[in-house]
Amino acid sequence: MKKIILPLLILVLMSGCVRIDSASIDELIEVTMSSKYDLFNHQNKGFKYYLPRELFIVSDDEYNEVIKSKHYDYYLYVDLVRYFNKMEEVFTENSSLYYSKIFEYKERKGILNIASLENEEYLIKATYNYATIQVKVKENDINEAVVNIMVILSSIQYNNDVVKNLLEEERINSLDEQVNVFDNNLTDDDYLDFEEEYEDNNEEYNPDMIN
């Protein structure tokens, strides 16, 4: 059985009686997002969230972060403009994907899409709370990746004053300048394009770093 090393995963197992490796994706979304895990151990300009253990920030700016696990890179994009303007997020399920479902938590909707790629890989992309995370994983790691993603997205909290200051300083002052990661198109090319944005900025991965 695959070793579970995240404290939150253990919490989910104990409180919800759900095995991560055998649970359905629907169960993982419901149990993880309702676990009331309200701790914060990572802060960026304008927002903060809980970063599961064994994940490490290797690159960040005001609204983009690259997060590494032992085997995979998670790409986080936080849309501060949409958040500040409280713009409605509209989602549509895509039946042609391996998995596509709209979910709701705390009267806020989100969507999780999983596309099957070549080489037995899967591209996971989730949007919730004005933020999007995507990661490419092997099939056996889909469930753990889904839990990591839902932990981060559901724990994000924004600092209104900081967000307002960022906008007023014109660091991010136009929706046209934002990366469009909120559509339902999910292809391997989209993932690679997003990855190239950080190619020259990534710091050396250090498993001992503390954030």
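The values are calculated or read from the model by the stated rules, or taken from the named source; none is laboratory data. All values derive from a computational prediction rather than experimental measurement. Cβ: placed from backbone, ideal geometry, glycine included. Neighbour counts: every protein chain shown.
Among the residues of segment 69-80, those that are more than 12 Å from the chain's Cα centre (by Cα) and crowded, with 19+ Cβ neighbours inside 10 Å comprise Asp79, Leu80.
Taken together, the criteria exclude Val90 from residues that are in contact (Cβ under 8 Å) with a residue 24 or more places away in the chain and either assigned to a loop (DSSP other than H, G, I, E, B) or closer than 22 Å to Glu65 by Cα (or both).
In segment 50-65, the residue that is modelled with the lowest pLDDT out of those that are within 13 Å of the chain's Cα centre (by Cα) and more than 14 Å from Asn148 (Cβ to Cβ) is Tyr63. Among the residues in segment 102-112, are any in contact (Cβ under 8 Å) with a residue 60 or more places away in the chain and surrounded by fewer than 21 Cβ atoms within 10 Å (Cβ to Cβ)? Yes, there is a match, as at least one residue in segment 102-112 is in contact (Cβ under 8 Å) with a residue 60 or more places away in the chain and surrounded by fewer than 21 Cβ atoms within 10 Å (Cβ to Cβ). Considering segment 81-101, the residues that are among the aliphatic types (A, V, I, L, M) and surrounded by fewer than 16 Cβ atoms within 10 Å (Cβ to Cβ) include one that is farthest from Lys45 (Cα to Cα), namely Val90.
Among the hydrophobic types (A, V, I, L, M, F, W, C) and touching a His at 6+ places or on another chain (Cβ under 9 Å): is that true of Val78 in this structure? Here the answer is no, as Val78 does not meet what is asked.
Once segment 113-129 is narrowed to residues that are free of Cβ contacts under 8 Å to residues at least 40 places away in the same chain and of a type in the set (A, V, I, L, M), the residue that is farthest from Tyr83 (Cα to Cα) is Ile124. Inspect all residues belonging to segment 22-34 and state whether any of them is assigned to a loop (DSSP other than H, G, I, E, B), crowded, with 17+ Cβ neighbours inside 10 Å and in contact with a His (Cβ under 7 Å, 6 or more places away or on another chain). No, because not a single residue in segment 22-34 is assigned to a loop (DSSP other than H, G, I, E, B), crowded, with 17+ Cβ neighbours inside 10 Å and in contact with a His (Cβ under 7 Å, 6 or more places away or on another chain). Take Phe40 and tell me if it is among the hydrophobic types (A, V, I, L, M, F, W, C) and at pLDDT 90 or above. No: the conditions fail for Phe40. Go through segment 123-165 residue by residue and tally those that are surrounded by 20 or more Cβ atoms within 10 Å (Cβ to Cβ) and assigned to a strand (DSSP E or B). Residues meeting the conditions: 13.
Looking for something buried (at least 18 other Cβ atoms within 10 Å of the Cβ), over 20 Å from Pro52 (Cβ atoms) and at pLDDT below 90 - is there at least one such residue anywhere in segment 194-208? Scanning segment 194-208, I find at least one residue that is buried (at least 18 other Cβ atoms within 10 Å of the Cβ), over 20 Å from Pro52 (Cβ atoms) and at pLDDT below 90, so the answer is yes. The set of residues in segment 71-90 being within 22 Å of Ile102 (Cα to Cα) and of a type in the set (Val, Ile, Thr) consists of Val78, Val90. Name the single residue, out of those in segment 141-166 being over 11 Å from Tyr50 (Cα atoms), modelled with pLDDT of 90 or more and among the polar types (S, T, N, Q), that is farthest from the chain's Cα centre (by Cα). Among those residues, the one meeting the criterion is Asn160. Scanning segment 49-65 for residues that are under 19 Å from Tyr158 (Cα atoms) and not in a loop (DSSP other than H, G, I, E, B) yields a total of 5.
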